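Enquirer: A single structure is presented below for examination.
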Amino acid sequence: MEKLIFKKPEAMTDAVMHYCAGCGHGIVHRLVAEVIDELGIREKVVAVAPVGCAVIAYDYWNFDVTEAAHGRTPAVATGIKRVLPDKVIFTYQGDGDLAAIGTSEIIHSANRAENITVIFVNNGVYGMTGGQMAPTTTVGQKTATTKAGRNIRRDGFPIKISEMLAVLEGTTYIERTAVSSPKEIIKTKKAIKKAFGIQIKNEGFSMVEILATCPTYWGQSSQDACTRIEKELVKTYPLGVLKG
Amino acid sequence: MRKAKGRVRRPDGKRILITGNEACGEGAVQAGLRFYAGYPITPQNELTAYMSRRMLDVGGTFIQAESELAAISMVFGATVAGVRAMTSSSSPGISLKQEGISYLAACELPAVIVNIMRGGPGLGNIAPSQSDYFQATKGGGHGDYHMVVLAPASCQEMLDFTRELFDIADRYRGPVMVLGDGILGQMMEPVIVDRRSSIDVRRESQTTNDKRQTTKSWALTGCKGRKPNVIKSLRLKEGELEAFNEKLEKKYDLIRKREIRFEKYRTEGAKIIIVAYGTSSRIGRASVDRLRKYGIKAGLFRPISLWPFPYEALKKLDKGNTKFLTVEMSAGQMLEDVRLAIEDKSRVHFYGRTGGGIPSEEAIVREAISYKL
Ligand code: SF4
């Protein structure tokens, strides 16, 4: 008899993803769905999708999802969680959404110790609008708006949101992971599971920052993009638990 | 004045002296409000302070947000989860809320937004004003949408209108606005308050006593026992947005048919009609009495719903030679709607004060006499 050893999580729909080949979003979507299945919380989850490449995450997830204005994602999650304290509320945000236009919302939601979970996908560019510089773009990185590479005098420094949030008394758990290899993917899944667990135990604000590939706007193959994370990105954004 | 259906019952109503801002907050609590987010700005601070107290009393949520943008987005979150939610601010803060208001309209989410107007543009001043009429009634945020805007003229109406607007917001699933000004917000008047009856069971889509439960089937509460709900405003598929815009227009047409409100005062046989709303309408009413005393046939037309605007009712008062004097605490914004209602523009006049100035009875009487002659 055949044995089923790999199947689609119940928390995912059958829709075919629109992401580019080698994009990190697909992996993170699936990890979130697997964790939700394993924790048995699919019917208790309400997610808030961002503005950016992942805006239509609701087409791929099989649970309640809404969509916030650009960057207001944690404020929307705050409103939902305060009126549905028994439900599991998470935001899924890219670096433009969370680290640029929504900097105020993420800092203050964290500082209020909102009992929500944030999945922060950091790929260092604006994907949806055509590969412009993000606040997380690394020094020297070429983008549509930094043709000669990010120049710290003109464009400022890569912003390290996780480090910033870790110093706030309101945060409980902050970890930075990557989806660049099977080993790192397994670590990422563990971190996501831990973050949801913290919310379920009412322990406060949890965030996992995930370094992810954008082969399209990095101008690299999927393989090279994964190598870039492990060889270069981690120098600016070291992996590991920052708090909790 | 057209009596609204399901008017507030207050058999054991208690008369208390409170500010308009507090009356507005109490109306919201009576309507079953359980979530308020706001940000300090004068002249609506009494409302925020009141809500911080009353939300504690009723076991609701009060959040002093980090910005207006966050406050309206928190309201978005609470209403997407099916709970009655409100935010309030004054002009510069309402400008910031326009982003959220557009998203609420696009996601068809009920919410009450209170604007206690002050002088503008820019930081302006903190004196009362009516210069956000365009912003409130003609869009404000981006995209094709409208919201029902009611303009109270007393502390009692601050309470009654706010309370009723929650029903209107739920009925049509969209953002609605209480448009007051700094005088209405900060003055004190006796208001009949009945704290007993906060929830009317007849109301469909009302939250139950448990603030965590909701009867709004569209709300996001976790998909137990049903298919997942998705509430979003991105509509990229071919024709999807146009179809949605058409759906909204149908809803707005229904609102235009059902929700028009206005008040007429001594308009029988009037040769000159003062058109004014909110605070200006109170001064307009006193001016009418003064003019009548002088033997001048004056009347008052007071739009209560600023959107939908009572064009037809106003037009009916035009006997072919009737003169209209629009009075506003602005440079002339509602004036454009009055001109739309009255075909002969040469008979539509305007008197207004800006920058926090309040039209005096004497000035209105003088203007009316000069147009009448
Ligand atoms: S542009 Fe980049 S982030 Fe967006 S879908 Fe493509 S690879 Fe992914």
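Enquirer: Please note which helices (runs of 4 or more DSSP H) are completely contained in segment A:13-111 and include at least 3 residues that are open to solvent by 20 Å² or more (accessible area, probe 1.4 Å).
Expert: A:24-39, A:103-111
Enquirer: Of everything in segment A:36-60, what is away from the ligand (no atom under 16 Å from the Cβ) and touching a Gly at 6+ places or on another chain (Cβ under 9 Å)? Give them in sequence order.
Expert: A:L39, A:I41, A:R42, A:E43, A:K44, A:V45, A:V46, A:V48 - these are the residues of segment A:36-60 that are away from the ligand (no atom under 16 Å from the Cβ) and touching a Gly at 6+ places or on another chain (Cβ under 9 Å).
Enquirer: Would you check which residues across segment A:188-216 are within 16 Å of the ligand (Cβ to nearest atom) and within 14 Å of chain B (Cβ to nearest Cβ) and list them?
Expert: none
Enquirer: Oh, and also: What residue, among those in segment B:66-84 that are within 23 Å of A:I106 (Cβ to Cβ) and more than 7 Å from chain A (Cβ to nearest Cβ), is nearest to the chain's Cα centre (by Cα)?
Expert: Looking at residues that are within 23 Å of A:I106 (Cβ to Cβ) and more than 7 Å from chain A (Cβ to nearest Cβ), I get B:I72.
Enquirer: Name, by its number, the condition in (1) within 16 Å of the ligand (Cβ to nearest atom); (2) at the interface with chain B (Cβ under 7 Å from one of its Cβ atoms) that does not hold for A:C23.
Expert: (2)
Enquirer: Would you tally the residues in segment A:7-20 being small (G, A, S) and more than 16 Å from the ligand (Cβ to nearest atom)?
Expert: Residues that pass the stated criteria total 1.
Enquirer: For residues in segment B:259-288 being closer than 15 Å to B:Y311 by Cβ and not aliphatic (A, V, I, L, M), which is farthest from the chain's Cα centre (by Cα)?
Expert: This residue is B:K264.
Enquirer: So, one more: Of the residues A:A225, A:A166, A:A212, A:A178, only one is out of contact with any helix residue (DSSP H, G or I) (no Cβ under 8 Å at 6 or more places or on another chain) and modelled with pLDDT of 95 or more; which?
Expert: Result: A:A166 is the single residue among A:A225, A:A166, A:A212, A:A178 that is out of contact with any helix residue (DSSP H, G or I) (no Cβ under 8 Å at 6 or more places or on another chain) and modelled with pLDDT of 95 or more.
Enquirer: May I pose another question? Identify, by number, the condition in (1) modelled with pLDDT under 95; (2) surrounded by 14 or more Cβ atoms within 10 Å (Cβ to Cβ); (3) among the acidic types (D, E) that B:D318 doesn't meet.
Expert: If we test B:D318 against (1) modelled with pLDDT under 95; (2) surrounded by 14 or more Cβ atoms within 10 Å (Cβ to Cβ); (3) among the acidic types (D, E), just (1) comes out false.
Enquirer: While we're looking at this one, here's another question. Scan (1) closer than 23 Å to B:G225 by Cβ; (2) hydrophobic (A, V, I, L, M, F, W, C); (3) surrounded by fewer than 20 Cβ atoms within 10 Å (Cβ to Cβ); (4) away from the ligand (no atom under 16 Å from the Cβ) for the single condition A:L4 breaks and write down its number.
Expert: (1)
Enquirer: Pick from segment A:112-142 the residues that are within 16 Å of the ligand (Cβ to nearest atom) and among the hydrophobic types (A, V, I, L, M, F, W, C): which of them is surrounded by the fewest Cβ atoms within 10 Å (Cβ to Cβ)?
Expert: A:M128
Enquirer: Going through segment B:46-65 one residue at a time, which ones are more than 8 Å from chain A (Cβ to nearest Cβ) and outside any helix (DSSP H, G or I)?
Expert: B:G59, B:G60, B:F62, B:Q64
Enquirer: So, B:I231, is that one open to solvent by less than 50 Å² (accessible area, probe 1.4 Å), away from chain A (no Cβ under 14 Å), touching a strand residue (DSSP E or B) at 6+ places or on another chain (Cβ under 9 Å) and closer than 24 Å to B:F76 by Cβ or not?
Expert: So B:I231 fails the test.
Enquirer: Then there's this: Please go through segment B:34-56 and give me each residue that is free of Cβ contacts under 8 Å to residues at least 12 places away in the same chain and of a type in the set (D, E, K, R), ordered by number.
Expert: Hit for segment B:34-56 is B:R53, nothing else.
The values are calculated or read from the model by the stated rules, or taken from the named source; none is laboratory data. Because the structure is a prediction, the values reported are computed rather than measured. Neighbour counts are summed over all protein chains in view; Cβ atoms, including those assigned to glycine, are modelled from backbone coordinates with ideal geometry. Only protein heavy atoms, including side chains, enter the accessible area calculation; ligands, DNA and RNA are left aside. Shrake-Rupley method; radii C 1.70, N 1.55, O 1.52, S 1.80 Å.
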